[in-house]
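Below is one structure, written out as structure tokens; comments come after it.
Please treat every number below as a calculation from the coordinates, not as lab data. Everything numeric in this text was worked out from a predicted model, so none of it was measured. Note that we place each Cβ from the backbone using ideal geometry, even for glycine, and neighbour counts take in every protein chain shown.
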Amino acid sequence: MASVSQIEALRALKRELPESFVEVVADEIAASAKLQFGATSLVNVIPIPCGSSGKPDGFSVRIAERVATKMGCHFENILVSSAKKGSSHPKTSARLAPLQLAKRVEGLSLLVDDVASSGRHMELAMRCLRSNAIDCVGTVWIAG
């Protein structure tokens, strides 16, 4: 279990994301994805929509952009959330509305999230994609 100081440190880091940090996280995720799914099996990289930051280019989006480049995949920011700016707490996540799909893509897609405390965002994203016949696998940088 993460300590309060670790959670606060991550929140502070996410408010002022250094590009070098985004790059390190993307390197880790890309290396892991290549080992798990193969270097050429993935076609698209899709970010989980930024929930609590309210930013269209939050941490998960910026990571996914870099992962797509590193893996030679298409970056597809196609999931739309109705989440509002605020806390990303598991109790709040439990009440999230389903995600909407902005467009369809073909080929195996890698869903990327930065932090998963309850897994609800990943669940909603996979449900949305799979219900629209989009093949997907997911990865998270930090999971609780």
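Can you tell me the FRET efficiency between L10 and R130 if r is taken as the Cβ-Cβ distance and R0 is 35 Å, rounded to the nearest 0.05?
On the way: r = 29 Å, r/R0 = 0.84.
Efficiency computed from Cβ-Cβ geometry: 0.75.
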Legend entry - Kirkwood Rh in Å, taken over the stretch 8-77 so that all alpha-carbon pairs contribute: 12.5
Legend entry - Potential extension, T40-F21 segment - 0.36 nm per residue separation minus Cα distance: 4.3 nm
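Need one number: convex hull volume per residue for the stretch 105-144, Cα atoms only, in Å³. Walk me through the intermediate numbers first.
Working: hull volume 2.0 nm³, N = 40.
So the per-residue hull volume is 50 Å³.
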